[in-house]
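The values are calculated or read from the model by the stated rules, or taken from the named source; none is laboratory data. Everything quoted here is computed from the prediction, not taken from an experiment. All Cβ positions, even for glycine, are placed from backbone atoms using ideal geometry, and neighbour counts span all protein chains on display.
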Amino acid sequence: MSRYKTLAAAVFVAAIAVNGARAEETDPVIAKVGEQEVRQSELNLALGGLDPQLQQMPEEQKRAAALSAVIDVKLLAKNAEKEGLQDDAVFKQRIAYLTERELHNAFFKKHVVDAVTREEVKARYDKEIAAIPAQEEIKARHILVKTEDEAKAVIKELDAGKSFVDLAKAKSSDPNKDDGGDLGYFAKGRMVPEFEAAAFALEKGTYTKTPVKTQFGFHVILVEDKRPQAPPTLEQVEPQVRQLVMRDKYLALLASAKKETGVEISDPALKKAYDEANKPQETK
């Protein structure tokens, strides 16, 4: 062998050794079942497939449960092979379906999950926000008392110039009395209907001139401010918006694949149910 070939062979052997060492570092053997090796990558797959209840266990217990599952599978799979179960027609059919399902999942991850960009999410967020009708929110305080007469007495004191905050601290039975009955800002849909109707009917800086009855008692309400409700930030709703982008990408992939490949369903009743379940959904 020439010196060049000897050197090349040495380099090749060294490369194999290095790659083997790297594989051993990144995906070490953690157990053996007979002559079969169980690597970290298999344990990771088993961890991902654990029952949701087992996912709540401490990390080491989860790893032990996953390893037990891998070992159990390998032990009985070996016996199944000895009996030739891998050649059973039903088994082959199931393996074919599971293979196609995993290919679907891999394609979905590559072309949907991993394909979504920050720019797409931002664009969809802007579109969704623009479609939300403008809503008003108010900042209010209230004084809650048991009887209508007590509420009327509070209104008289307010008419006489008494401080709403001081009256709330002295007379309200609501837990927020120490904050002067402060309810902060809220939009429609947050309060019980009777309270909400009265509060949103008030002008800024005014209070109810008649008691407002709800299931909690009688209220006197003061509206301190009104403003347009700020939409949620992208950071607050990014996971939900990303789901919308992923849904649209997935539906587009399916529509393209159906058009290219074609789908025929021979059972009329099943076809009707399938078509109904797969009606094109309106996207905003």
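Annotations
- Scope the range 108-150; condition more than 30 Å from Glu235 (Cβ to Cβ), surrounded by 12 or more Cβ atoms within 10 Å (Cβ to Cβ) and under 45 Å from the mean Cα position of the chain (by Cα); matching residues: Arg141, His142, Ile143, Leu144, Val145
- So Ala134, is it in contact with a Pro (Cβ under 8 Å, 6 or more places away or on another chain), of a type in the set (A, V, I, L, M) and closer than 30 Å to Lys171 by Cα: no
- Checked against (1) modelled with pLDDT of 95 or more; (2) within 19 Å of Thr214 (Cβ to Cβ); (3) in a loop (DSSP other than H, G, I, E, B); (4) among the small types (Gly, Ala, Ser), Gly161 passes all but condition (2).
- The set of residues in the range 233-274 being β-branched (Val, Ile, Thr) and either closer than 30 Å to Ala131 by Cα or surrounded by 10 or more Cβ atoms within 10 Å (Cβ to Cβ) (or both) consists of Thr233, Val237, Val241, Val245, Val263, Ile265.
- The residues on offer are Ala168, Ala230, and the sole one that is in contact with an Asp or Glu (Cβ under 9 Å, 6 or more places away or on another chain), closer than 26 Å to Ile129 by Cα and hydrophobic (A, V, I, L, M, F, W, C) is Ala230.
- Residue within the range 126-138 that is of a type in the set (D, E, K, R), in contact with a strand residue (DSSP E or B) (Cβ under 9 Å, 6 or more places away or on another chain) and in contact (Cβ under 8 Å) with a residue 60 or more places away in the chain present: yes
- When Glu35, Glu42, Glu100, Glu59 are checked against the criterion of being at pLDDT 90 or above, within 30 Å of Gln243 (Cα to Cα), surrounded by fewer than 10 Cβ atoms within 10 Å (Cβ to Cβ) and of a type outside the set (Gly, Ala, Ser), a single residue qualifies: Glu59.
Residue-by-condition table, conditions (1) without any contact (Cβ under 8 Å) to a residue 12 or more places away in the chain; (2) assigned to a helix (DSSP H, G or I); (3) closer than 30 Å to Thr210 by Cβ; (4) in the same structural domain as Leu43 (by TED's automatic domain parsing):
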position: Ser68; (1), (2), (3), (4): yes, yes, no, yes
position: Arg94; (1), (2), (3), (4): yes, yes, no, no
position: Ala106; (1), (2), (3), (4): yes, yes, no, no
position: Lys110; (1), (2), (3), (4): yes, yes, no, no
position: Glu120; (1), (2), (3), (4): no, yes, no, no
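- When Val165, Val154 are screened for being in contact (Cβ under 8 Å) with a residue 60 or more places away in the chain and surrounded by 15 or more Cβ atoms within 10 Å (Cβ to Cβ), only Val154 passes.
- Positions within the range 189-215 being closer than 18 Å to Asp159 by Cα and either under 33 Å from the mean Cα position of the chain (by Cα) or surrounded by fewer than 19 Cβ atoms within 10 Å (Cβ to Cβ) (or both), in sequence order: Leu202, Glu203, Lys204, Gly205, Thr206, Lys209, Thr210
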